[in-house]
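Below is one structure, written out as structure tokens; the observations come after it.
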Amino acid sequence: MSISPFLRSPFTDVTGGMISHQLLGRCQLEEARYMECLEAYGLERGKVKCSHLFGDFHECQTLTKQFKRFIAMRNERDKQIAEGKLKGDNKYLSPRVDSF
């Protein structure tokens, strides 16, 4: 894994800006911790020693665990509706949750 461009030229230096979450991202703290760890250990050792920080940063970016938890809760609610445990107004949640 390399973060340097494949072809190094003055054009890639001008146009190849680094993408980060430091300005408007919600993952500022996680990214800063991960980058500080990589700077402390170097890229090769840092990939191993900072893998837990990368996992936190990746989860903050993609929200995969949160989405899987939401889908599991929705499936459980649909199962309870199919079994007849939830009836009437109890089977509906707020519009924000149902329209996700």
> Picking from F70, F57, F11, which is most flexible by a Gaussian network model of the chain using Cα springs under 10 Å?
Replying inline: F11
> Lys pairs in the chain, Cα-Cα under 30 Å, at least 8 apart or on separate chains: how many?
Replying inline: 14
> Using Cα atoms only, what is the angle between the long axis of helix 51-62 and the major principal axis of the chain, expressed in degrees (0 to 90) to the nearest 10?
Replying inline: 60 degrees
> Taking Cα atoms, how many degrees apart are the long axis of helix 28-41 and the longest axis of the chain, rounded to 10 and kept between 0 and 90?
Replying inline: 40 degrees
> Put +1 on the Cβ of each Lys and Arg and -1 on the Cβ of each Asp and Glu in the chain; which of L29, C50, L63 then has its Cα farthest toward the positive end of the dipole?
Replying inline: L63
>> Using the basic label-point model (7 angstrom from Cα toward the beta carbon), what is the N75 to H52 distance in nanometres?
In response: 3.0 nm
> Using a Gaussian network model of the chain with C-alpha springs under 10 Å, which one of D56, D78, D13 is most mobile by mean-square fluctuation?
Replying inline: D13
> Top mean-square fluctuation among E30, E83, E39, Gaussian network model of the chain, C-alpha springs under 10 Å?
Replying inline: E83
>> Angle check, please: helix 64-83 long axis (alpha carbons) against the longest principal axis of the chain (alpha carbons), in degrees 0 to 90, nearest 10.
In response: 10 degrees
> From the list (i) 10.3; (ii) 6.2; (iii) 5.8, can you say which value of mean projected area of the Cα convex hull in nm² was derived from the structure given?
Replying inline: (i)
> Between T62 and K87, 0.36 nm times their residue separation minus their Cα-Cα distance comes to what?
Replying inline: 5.6 nm
> So what's the back-of-envelope 222 nm ellipticity for the chain, counting only DSSP H runs of four-plus at -39500 (n - 2.57) apiece and dividing by all residues, rounded to 500?
Replying inline: -19000 deg cm²/dmol
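Laboratory data are not the source of any read-out in this text; all were calculated from the coordinates shown. It should be emphasised that the depicted structure is a prediction, and the values quoted were computed from it without experimental measurement. Neighbour counts run over all protein chains shown; Cβ positions are idealised from the backbone, glycine included.
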